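Right, one structure below, let's go through it.
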Amino acid sequence: MARSDRRLYPWAVQGRVTPLTVTHAKGSYFWDADGNRWLDMCAQLAYVNIGHGHPRVVEAIQRQAETLPVIAPDHTSPPASRLAEMLAEVTPGRLSQTFFTNGGAEANEHAIRMARAATGRQKIVTRYQSYHGATAAAMAATGDNRRIFSEPHLPGGFVKTLDPYRYRCPFCAKESKCTLACADAVEQTVEGEGPETVAAILLEPVTGYSGIVPAPDGYLKRLRELCDRHGILLIFDEVIDGFCRTGKWFASEHWGVEPDIMTVAKGITSGYVPLGAAIVSDRVAAFFEDHYLGSGLTYAAHPLACAAGVATLEVYLEEELADRAERLGKRLLTRLHQIYVKHPSVGDVRGLGLLAAIELVKDRDTREPFTPQRSEVRNDQMTEVVKAVWAKGVRPAFRWNLVIIAPPLTISEEELDEGLDAIEAGLEVADRLVAKAAV
Ligand SMILES: Cc1ncc(COP(=O)(O)O)c(C=O)c1O
């Protein structure tokens, strides 16, 4: 289908865009204008955590629209106050005060701004394998290739360090056990920059669409200690891995490490209305009790978004979706390990809860990627894999040489199996292409 409207589409050469017109959606499925049904194996952009068309959230938005659809952010409203209260309850330990934004990029933008104000320092340390959003500071903090289009970035202040990418780790990929040299690398970066100039270290506990890489055990603890030693703030970007996706309310809870600021978006409303937040600890909040917080957004704490947020959090609690994601995640990983054994084009499988990836390679020994990493141009081989999966009416996400699996947390076991069977059809194509290239 050729592009037929006047939109400019994100992350695309416009002449090559072929958008699907989606007319309606329910549960784990959505339907296009030609009447085709699609199984949503990536919850859109890994955010429709409670599934499509959940009546509780739809009704909450409708009710709020009837009473107070809009109020400026220097007022509060019952849903905004209630949501901030609920966030203080569901987030770990000392995280207690929320600054609302319209999405994840703005949440990171404000986390960075608050960290700089609270420490009186400039530098923000982030990692190459990361995405923090498409606004100016969030893009400067981003490490993966999505940042390139917006370069040059804001002058100064953003420093990149290496990643804990076990499968391709420059330090210990060939060792039987992770050596945590990746944590040493962060430490060396901080030492090299001068710890007294570093305001914050900002990272995703489970790297999102730049690789789906859970932090190695012990890594976050090392970063917490490093930050405490030097008065640096630790910021966790839990935009993609938060809100039950990995089998806990927030991914960092798997390692029992608390940040000073946590940024969230996506799952906070399951995407039904745009909303993000930077949630700060008592200590950071105390700083702003008598210092000016010099920033704001016209639509922040929007009543419709906050009403959707309150209802979404109630769904997570009532339907026990963290437990469900943990249980289904185990089933998913078991199946992914079977897939690894069966398909020679699969180099690695990994994930946590219902956030997982299959990494395709040309050769398991050399680990040469099936299609180049750090490039948004999909080559002919990967296009064939994608077509084989789509032919089954299933849509996971495809990025570089990765098949990303992040379905709604409400997905049934049968639907999960249906999705994985379709992905296997794509892997059979990849196996054939890999075998053909090898002869
Ligand atoms: C980890 C992470 N941080 C930040 C963002 C940016 O969020 P938004 O697109 O809502 O601005 C994203 C978006 O995909 C993300 O995955």
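Suppose the filter is assigned to a loop (DSSP other than H, G, I, E, B), under 20 Å from the mean Cα position of the chain (by Cα) and not aromatic (F, W, Y); does G211 pass it? Taking the combined requirement at face value, the residue satisfies it. For the stretch 255-277, taking the residues that are among the polar types (S, T, N, Q) and farther than 26 Å from L226 by Cβ, the one that is nearest to the ligand (Cβ to nearest atom) is identified as T269. Do we have T246 as in contact with a Pro (Cβ under 9 Å, 6 or more places away or on another chain) and β-branched (V, I, T) here? Yes. On inspection, A251 fails the criterion of being at pLDDT 95 or above, over 25 Å from V349 (Cβ atoms), within 11 Å of the ligand (Cβ to nearest atom) and in contact with a strand residue (DSSP E or B) (Cβ under 8 Å, 6 or more places away or on another chain).
Got a number for residues in the stretch 77-106 being in a helix (DSSP H, G or I), within 16 Å of the ligand (Cβ to nearest atom) and either in contact with a His (Cβ under 9 Å, 6 or more places away or on another chain) or not assigned by TED's automatic domain parsing to the domain that holds S295 (or both)? Final tally of qualifying residues: 2.
Can we say P55 is more than 24 Å from V389 (Cβ to Cβ) and free of Cβ contacts under 8 Å to residues at least 60 places away in the same chain? Yes; evaluated as a whole, the condition is true for this residue.
Please work out if A107 is surrounded by 17 or more Cβ atoms within 10 Å (Cβ to Cβ) and touching a residue at least 40 places away in the same chain (Cβ under 8 Å).
In short, yes.
Just so you know, in the stretch 243-265 the residues that are of a type in the set (G, A, S) and surrounded by 24 or more Cβ atoms within 10 Å (Cβ to Cβ) include one that is nearest to A181 (Cα to Cα), and it is S252. All conditions in (1) surrounded by 17 or more Cβ atoms within 10 Å (Cβ to Cβ); (2) more than 16 Å from the ligand (Cβ to nearest atom) hold for P164, with the sole exception of (2).
On the stretch given as the stretch 328-341, residues that are out of contact with any helix residue (DSSP H, G or I) (no Cβ under 6 Å at 6 or more places or on another chain) and either aliphatic (A, V, I, L, M) or touching a residue at least 24 places away in the same chain (Cβ under 8 Å) (or both) total 8. Residues that are free of Cβ contacts under 8 Å to residues at least 60 places away in the same chain and either under 24 Å from the mean Cα position of the chain (by Cα) or surrounded by fewer than 16 Cβ atoms within 10 Å (Cβ to Cβ) (or both) within the stretch 195-208 comprise just one, P205.
Here the stretch 390-406 is the region considered, the condition is being more than 16 Å from P19 (Cα to Cα), of a type in the set (V, I, T) and in contact with a Gly (Cβ under 8 Å, 6 or more places away or on another chain), and the residue that is surrounded by the fewest Cβ atoms within 10 Å (Cβ to Cβ) is I405.
So is I240 under 15 Å from P408 (Cα atoms), buried (at least 24 other Cβ atoms within 10 Å of the Cβ) and within 13 Å of the ligand (Cβ to nearest atom) or not? Yes, satisfied. Taken across the stretch 2-24, residues that are outside any helix (DSSP H, G or I) and in contact with a Lys or Arg (Cβ under 6 Å, 6 or more places away or on another chain) do occur, with at least one present. Does A422 satisfy the criteria of being touching a residue at least 60 places away in the same chain (Cβ under 8 Å), surrounded by 20 or more Cβ atoms within 10 Å (Cβ to Cβ), touching a Leu at 6+ places or on another chain (Cβ under 6 Å) and not basic (K, R)? When the stated conditions are applied, A422 does not pass them. For the stretch 117-151, give me each residue that is acidic (D, E) and surrounded by fewer than 17 Cβ atoms within 10 Å (Cβ to Cβ). Scanning the stretch 117-151 gives a single hit, E151. Scanning the stretch 154-169 for residues that are at pLDDT 85 or above and in a loop (DSSP other than H, G, I, E, B) gives G157, L162, D163, P164, Y165, C169. Within the stretch 119-132, residues that are not assigned by TED's automatic domain parsing to the domain that holds Q373 sit with their Cβ atoms under 7 Å from residues that are among the basic types (K, R) and not in a loop (DSSP other than H, G, I, E, B), at 6+ positions apart or across chains, in these pairs: Q122/R116; T126/K160; R127/K160; Y128/K160; Y131/R146.
I want to confirm something. Restricting to the stretch 215-237 and keeping residues that are in contact with a strand residue (DSSP E or B) (Cβ under 8 Å, 6 or more places away or on another chain) and either in a loop (DSSP other than H, G, I, E, B) or not assigned by TED's automatic domain parsing to the domain that holds I279 (or both), which single residue is nearest to the ligand (Cβ to nearest atom)? This residue is A215.
Against the definition (part of a strand (DSSP E or B), modelled with pLDDT of 95 or more and hydroxyl-bearing (S, T, Y)), how does T263 come out, yes or no?
yes
Considering only residues that are in contact (Cβ under 8 Å) with a residue 60 or more places away in the chain and not in a loop (DSSP other than H, G, I, E, B), look in the stretch 30-49 and name the one that is farthest from the ligand (Cβ to nearest atom). Selected residue: R37.
The values are calculated or read from the model by the stated rules, or taken from the named source; none is laboratory data. Computed from a prediction, not measured in an experiment: that's the story for all the values here. Reconstructed Cβ throughout: ideal geometry from the backbone, glycine too, with neighbour counts over all protein chains shown.
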